[in-house]
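Before any comments, here is the structure.
Nothing in this text is a laboratory measurement; each read-out follows from the coordinates by a stated rule. Not measured: the values here are computed from a predicted model. All Cβ positions, even for glycine, are placed from backbone atoms using ideal geometry, and neighbour counts span all protein chains on display.
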Amino acid sequence: MKALSTYFQKETEVIGAGRTDAGVHAEMMIAHFDYEGLIDGAFLADKLNRMLPADISIYTIKQVKPDAHARFDAISRTYKYYLTTVKYPFNRHLTYRVHHTPDFALMNEAAKVLFEYSDFTSFSKLHTDVKTNNCKVMKAEWTQLDANNWVFTIQADRFLRNMVRAIVGTLLEVGRGKMSIEDFRKVIEQQDRGKAGSSAPGHALFLVDVSYPESIFITQ
């Protein structure tokens, strides 16, 4: 991170918890850096926020054990995908507008199928460099925010590239009556990206949480 390197007056490498697809927002992102010495987290966060562009904000800085890793120590990640059924100019960059109200109850029934499987090749971008396409989905649910807006919340120990957008796009196929719950199950079992629905647009997807075991933190 350029701001950290400038503050410490030496090259400082920053390791993030992961990466998101193009256009996806990170309401929360975790990163780690190595530094020898004591740091006042609140003071440093304030200094960095003065140096960073307007679309990046440091919430907090905490001390962790020397071997802690922002990516590999994460035990879960949570994403939210926002959907609207009306045209509203002021949130068009933050939510996906659909022109017909899908069957959210049916989509929630289909989402429960995700808990039964671990291999999500069908929802992964092709030709990635990961060693496995196995993930453990812990939560997957559509909830209604108001009369016209919905959000899909999904939590897993890890995510494949394009996975959430592919899941949302395929669930919308269910909600539009173009795919049954059994069809959705078959999509997962076939382990073929070509069998799933199109990926939902990235601009409505937010990474909202990355969780870690308390054991990696150093309490003052």
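Side notes on the structure shown:
- Taking the C-alpha atoms only, the angle from helix 41-51 to the longest principal axis of the chain is near 80 degrees.
- Farthest towards the positive end of the charge dipole of region 13-91, among the residues 16, 37, 84, is the Cα of 84, using unit charges on the Cβ of Lys, Arg, Asp and Glu.
- Label-point separation in nm, residue 209 to residue 21, each point 7 Å along Cα→Cβ: 2.3
- The value for the chain of Rg(Cα) / (2.2 N^0.38 Å) is 1.14.
- Legend: residue pairs 87/195; 112/186; 2/65, Cα-Cα distance threshold 19 Å; pairs beyond threshold, 87/195; 2/65.
- Charge dipole magnitude, Cβ of K and R +1, D and E -1 - region 76-208, Cα centre, debye nearest 20: 460
- Computed from backbone phi with θ = phi - 60° and the Karplus coefficients 6.51, -1.76 and 1.60, the 3J(HN,Hα) list for region 178-190 is 8, 8, 8, 4, 5, 4, 4, 4, 5, 4, 5, 5, 6 Hz; x is used for glycine and proline.
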